[in-house]
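The values are calculated or read from the model by the stated rules, or taken from the named source; none is laboratory data. These figures come from a predicted structure and were not determined experimentally. Counting neighbours? That spans all protein chains shown, and the Cβs are built from the backbone with ideal geometry, glycine included.
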Amino acid sequence: MPTRRAFTLIELLVVISIIALLIAILLPVLGSAMASARRAQCAAHQSQIIKSFITYANDNGTWFMYTGAHGADGEPEPRRSHTSWIGQPALDELSEHGYQPTIYLCPDRGDSFVKTTQSGIRQTTRTSYYHMMGRTQVANNNPFPGPGVGWTSPWSLGDKGSLVMVSDVIEKNTINPRRTTSSHGGRGLVEGPLGGSDEPEDIGSEGGNVGLLDASVSWVGQDDMEEHPVRGQGTVSGYW
């Protein structure tokens, strides 16, 4: 009966080296594919957000609601509002038009980024996306105060279709803690050092999705983005 020859140590090492090489080649490809899938999911979320606001506007004389601290009712606070935060009255109204928590959660940001705070009778929620519609800071073409390039908030379905409605959070000088972050680096969320004011490209940001009033959503590379103010009376910058 013939005997079966065992692998030599050298042959085993060669096989292990080949497997390690294949893993080293495939892991970045797999990571990139997963990042692309999350970016596509983000784009789908933004599309749903825009549709929910358009549905609301169609039911309310073509007008979007004020999306700042007080939302659909109460006096707005134009000097304090941040574009990733939405007042609870606005969320309550929008929930009847398809706006649910699942669509304002970026898969690269995770659940921990979204939070709700209470200050007196005011309740606001931080989402994973900038919401530019219905912001009094920039109504009637008055620029949002702060660093970077001013921008105009969409207030009605009759506004220009090229106005930005929503975008990924790519932010410099975030408060508490102060740092630069971007939802989409090569493999997902990237963050700069605490206390830093790094430019997004310096921490590996590759860009983000941007949704317009005409309901289109497209990817914009970081090099093609501009810095914009996203919080009244402050130094916080966003990029789209």
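Remarks
- The one condition in (1) modelled with pLDDT of 85 or more; (2) assigned to a helix (DSSP H, G or I); (3) buried (at least 16 other Cβ atoms within 10 Å of the Cβ) that THR55 fails to fulfil: (3)
- Residues of region 101-114 that are farther than 16 Å from THR67 by Cβ and at pLDDT 85 or above: THR102, LEU105, CYS106, PRO107, ASP108, ARG109, PHE113.
- Flag if GLY188 is surrounded by 15 or more Cβ atoms within 10 Å (Cβ to Cβ), modelled with pLDDT under 95, on the phi > 0 side of the Ramachandran plot and out of contact with any strand residue (DSSP E or B) (no Cβ under 7 Å at 6 or more places or on another chain): yes
- Residues that are at pLDDT below 75, in a loop (DSSP other than H, G, I, E, B) and closer than 26 Å to ALA43 by Cβ occur in region 76-91; there is at least one.
- Within region 91-111, residues that are under 23 Å from SER182 (Cα atoms) have Cβ atoms under 6 Å from residues that are of a type in the set (D, E, K, R) in these pairs: PRO107/ARG38; ASP108/ARG38, counting only partners at least 6 apart in sequence or on another chain.
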